[in-house]
1. If you go through the stretch 71-115, how many residues are open to solvent by 50 Å² or more (accessible area, probe 1.4 Å), more than 16 Å from the ligand (Cβ to nearest atom) and not in a helix (DSSP H, G or I)?
2. Taking Ser39 as the residue in question, decide whether it is at pLDDT 95 or above, surrounded by fewer than 14 Cβ atoms within 10 Å (Cβ to Cβ) and in a helix (DSSP H, G or I).
3. Identify all residues within the stretch 373-393 that are part of a helix (DSSP H, G or I) and open to solvent by 60 Å² or more (accessible area, probe 1.4 Å); write none if there are none.
4. Mind listing whichever residues of the stretch 119-134 are touching a Ser or Thr at 6+ places or on another chain (Cβ under 6 Å) and crowded, with 21+ Cβ neighbours inside 10 Å?
5. Can you work out which of the residues in the stretch 233-273 that are over 14 Å from the mean Cα position of the chain (by Cα) and β-branched (Val, Ile, Thr) is surrounded by the fewest Cβ atoms within 10 Å (Cβ to Cβ)?
6. Note down all Cβ pairs under 7 Å where the first residue falls in the stretch 49-74 and is more than 12 Å from Ile93 (Cβ to Cβ), the second is among the small types (Gly, Ala, Ser), and they're at least six residues apart or on different chains.
7. Among Ala198, Ala259, Ala233, Ala225, which is the only one that is within 16 Å of the ligand (Cβ to nearest atom), part of a loop (DSSP other than H, G, I, E, B) and either in contact with a helix residue (DSSP H, G or I) (Cβ under 9 Å, 6 or more places away or on another chain) or free of Cβ contacts under 8 Å to residues at least 60 places away in the same chain (or both)?
8. Return only the number of the condition from (1) over 29 Å from Gly262 (Cβ atoms); (2) modelled with pLDDT under 95 that Met361 does not satisfy.
Amino acid sequence: MWKGRFAQETSALVQRYGESVSFDWRLYAHDIAGSIAHSKGLLKAGILTAEEQQKIETGLLEIRHEIEKGQFEFKESLEDVHMNIEAELTRRIGPAGAKLHTARSRNDQIATDVRLYCRASIDALGNLIIAMQAALIECAERGGDAVMPGYTHLQRGQPVLFAHHLLAYVEMLARDAERLLDCRERVNVMPLGSGALAGSTIILDREYIAKELDFHRVTQNSMDAVSDRDFIAELLFVISLLGVHLSRLSEDVILWASAEFGFVTLSDAHTTGSSLMPQKKNPDVAELTRGKSARLIGNLMSILTLLKGLPMTYNRDLQEDKEPLFDSIDTIGLALEVFTEMISGMDVNRAKTTAAASDPMLLATDLADYLVNHGVPFRQAHEVIGKLVAYSIQEKKAFGEMTLAEFQKFSPAFEADVMACLNLETALQARKGIGAPSPANVKAQLDHWRGVLTRE
Ligand code: ARG
């Protein structure tokens, strides 16, 4: 492509070192869409005749078809996806093909291709997130009103509904989806027409080309446009955080599936056995997801580090943006799919969660609240209940087994109705403030999310 200026062939090693077609070939559909739109721009500007444009478009569509059928041979010697497709087009249709690259550089071309790829990936990820949310809702609904302890510091804290715990992840995923859409706004801007770095003396109607490609806007500074990869960094951050959320859920599932907790049973299809220990049923999907989320964060770090030292404008370093980007998109997509399946096959073990939630200590806060309702300042109430807890442990007597006289030794504010607040059901029903886990609230949230997800 640059043979005019060179007397020597590129060294074979340099070719192997610099080729990107082995991974950027996957941009072919976007590259072809971009080229077709560009050819229409060239037609509108009078650079191509209608016949030439038609030849280019038909030729490119044929090439796309062949790539899709696995009949196209990408050549390392042609370096990247752009040159492979353009060379083949020119081989097929002759001079018209050689005009396609007018007023365009691979610099604005690759920036356009990658933006189109990111936009399509964002849309696909959005749908996968919705499917995962639906699986969580469905699992929560199957669990009905199963209660479990809610934890802080991994110590039992207060009772919650199992569904409330799962709904926490539905909220996290909703924020991830929101962030994806926000990122999409900045992805959806067209760099094509920025040329190598300073546009072109041949003026194309960029707004028109952008419309052809469904871009919302066109970039306003050619130098920024060819070197801007902020949108990749942003997308990789959003994906990393999504991965972090899946990793946290993984950790919950791993704990829950252990004999120590026994809160859930995973389906055989989503667990693995051990080659040595016949009794094992391992939550590998969750462990792998926890592990893969590390790579997602690594990919984000790669991009940020790649960008930080680059002078304006395009530098070949930027070719290194693709592998981390592709890897993150592939990895998170598969993680969401496999997690959706696993959650659909996950069942809560009510007997276990109820037993754990029936730990009377979980109602210590409720007892303090009881005293507050009987006129005791909270700090004082907290101390009274603290002493009551110590007494309960020392005497090996649960709150429910104590007499009213015993309660009153700690505070005269206790009355006969204290026993009522030691009931798990009542305790949950009482948590009816916005966002708290009363069964009525949780049901309303499940209905809310069902509605949102079916609308989307
Ligand atoms: N393969 C290149 C990349 O991914 C395409 C742009 C090449 N531009 C150049 N001036 N060598 O960045």
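1. The total comes to 2.
2. no
3. Those that are part of a helix (DSSP H, G or I) and open to solvent by 60 Å² or more (accessible area, probe 1.4 Å): Asn373, Phe378, Arg379, Gln380, His382, Glu383, Lys387, Ile393.
4. Met132
5. For the stretch 233-273, the residue satisfying everything is Thr272.
6. Cβ pairs passing all conditions: Arg64/Ala29.
7. Ala198
8. Single failed check for Met361: (1).
The values are calculated or read from the model by the stated rules, or taken from the named source; none is laboratory data. From a predicted model like this one, the values you see are computed outputs, not experimental measurements. Every residue, glycine as well, gets a Cβ built from its backbone with ideal geometry; the counts of neighbours run over all protein chains shown. Each accessible area value is taken on the protein alone, full model and side chains, heavy atoms only, with ligands, DNA and RNA left out. Shrake-Rupley method; radii C 1.70, N 1.55, O 1.52, S 1.80 Å.
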